[in-house]
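The values are calculated or read from the model by the stated rules, or taken from the named source; none is laboratory data. Owing to the predicted nature of the structure, the values given are computational and were not obtained by experimental measurement. Here the Cβ positions follow ideal geometry from the backbone for every residue, glycine too, while neighbour counts run over all protein chains shown. These accessible areas exclude ligands, DNA and RNA; they are computed on the full protein's heavy atoms, side chains included. Shrake-Rupley method; radii C 1.70, N 1.55, O 1.52, S 1.80 Å.
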Amino acid sequence: MEKQKQIDILSNLIAIQSVNNHEDQVADYISSLFEPYKSQGVKIERVTYAPHRDSLVVTIGKGEKVLGLSGHEDVVDAGDRQAWNSDPFKATIKDGKLYGRGATDMKSGLAALIVAMIDMLESDSVPGKIKLFATVGEETGEYGAAQLTKEGYVDGISGMLIAEPGNEMSEVGFTSKGVIDYIITSIGKGAHSSQPEKGINAIDHLIDFANEVKPLMAQFNKVDPVLGKLTHVQSLFNGGEQINSVPAKAVIKGNIRTIPEYPNKVVFDALNNLVGKLNQKEGYELSIRYSFPEEAMPGDANSPFIKLIKKVHDQMYDEPLVANGQSGASDGSEFLHAKGDFSIALLGPGNGTAHQSNEYVDVAVYHKSVEFYKQFASAFFE
């Protein structure tokens, strides 16, 4: 495919404002790119998560061995438009860089996978069965990947390459931390602040939780050799109605980044037990819920899958590929629950500008990533 057409595909993806929603428009566009090849056995499946939120599974080629390729359709909000030097939803090229929301995270990776697959179809060189998983809701909980996994679309794959930003194709992620977002609600009883004995202070009880949860989480002190320690941050606190009233309700939210040494259930049990212990005190009414928890993704830097990625990379790039861990979660945290024995890796053309103003991708890196994906697919099926 001509390089300008590759740019056009990426630009068209960026123009779709799939900010935590409207991924169906991305699915529409990707479908339109593969529709002309249906006579070659291309299979296009739409999987609706919610209105205007469609994941897509595109299958090309044949065979028992299956290579999974994945990219998410959603992006984060552009934030303060004044902080951008150009329209975040209109791809702008300057000094060899293409700017736009999602340019790095991760519409460039998604576009590169699409272009690579279309190139294989056009040249009649599809080396085996390849499935593209374009997912909804990655930025807010990986629920598109969770749905595809639960409904069996990912079962039976032999390896999964996710085109998440890889420091301009120089770093491959093979393991990542998990995520637990918890929300604690404290219910008290309102009263006039001049007569606090008539009320129950919800904030006081929540502060008790906040003080006890810190040393509790500190007990999870194992250190993963790649990912480091489990981390815990109390990130949001809201409570009360007005300054001269005893607060009847308060809420605290926390974020935990887990490691493979501590499955999420172990952390859930610790938090649930703390809430239960506090609720044994007179007047305490605390409840806990979790928002889209993700397991840590274990991995092996010396797996055959990672070794193959490094081999292909060494043939194309001057600098060696670095295998590392990711502090943030990805769709891989959900895909790992699919049936089968397979490895997952994260490698894409993006860089460190994800979620920032003036997010960009290096144009040359983007073009070369297309060639990498094609060569890797060929090597995978050899």
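The figures follow:
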read-out	value
Flag for Q40 being over 17 Å from K131 (Cα atoms), in the same structural domain as A146 (by the TED database) and out of contact with any strand residue (DSSP E or B) (no Cβ under 7 Å at 6 or more places or on another chain)	no
Some residue of segment 76-96 being under 28 Å from L336 (Cβ atoms) and open to solvent by less than 50 Å² (accessible area, probe 1.4 Å)	yes
Number of positions in segment 254-311 that are of a type in the set (S, T, N, Q), under 19 Å from Q219 (Cβ atoms) and open to solvent by less than 50 Å² (accessible area, probe 1.4 Å)	3
Where S235 falls short, out of the listed (1) open to solvent by less than 80 Å² (accessible area, probe 1.4 Å); (2) under 21 Å from G325 (Cβ atoms); (3) of a type outside the set (A, V, I, L, M)	(2)
Filter pass, N12 being open to solvent by 10 Å² or more (accessible area, probe 1.4 Å) and assigned to a helix (DSSP H, G or I)	yes
Matching residues in segment 160-200 - criterion: being closer than 30 Å to A146 by Cβ and in a loop (DSSP other than H, G, I, E, B)	A163, E164, P165, G166, N167, E168, M169, S170, K177
Scope segment 122-151; condition within 20 Å of V42 (Cβ to Cβ) and open to solvent by 10 Å² or more (accessible area, probe 1.4 Å); matching residues	E122, S123, D124, S125, V126, P127, K129, K131
Selection status of D54, in a strand (DSSP E or B), in the same structural domain as A15 (by the TED database) and modelled with pLDDT of 95 or more	yes
Segment 239-252 - residue that is out of contact with any Ser or Thr (no Cβ under 9 Å at 6 or more places or on another chain) and surrounded by 12 or more Cβ atoms within 10 Å (Cβ to Cβ) and, of those, nearest to K189 (Cα to Cα)	A248
Residues of segment 312-339 classified as within 30 Å of T140 (Cα to Cα) and open to solvent by 60 Å² or more (accessible area, probe 1.4 Å), total	4
Residues of segment 52-94 classified as of a type in the set (V, I, T) and without any contact (Cβ under 8 Å) to a residue 40 or more places away in the chain, total	1
Every pair of residues 6+ apart whose Cβ atoms lie under 8 Å, when the first sits in segment 32-45 and is in contact (Cβ under 8 Å) with a residue 60 or more places away in the chain while the second is exposed (fewer than 12 other Cβ atoms within 10 Å of the Cβ) and assigned to a strand (DSSP E or B)	none
Out of D331, D314, D341, sole residue that is within 15 Å of the chain's Cα centre (by Cα) and over 28 Å from R81 (Cβ atoms)	D331
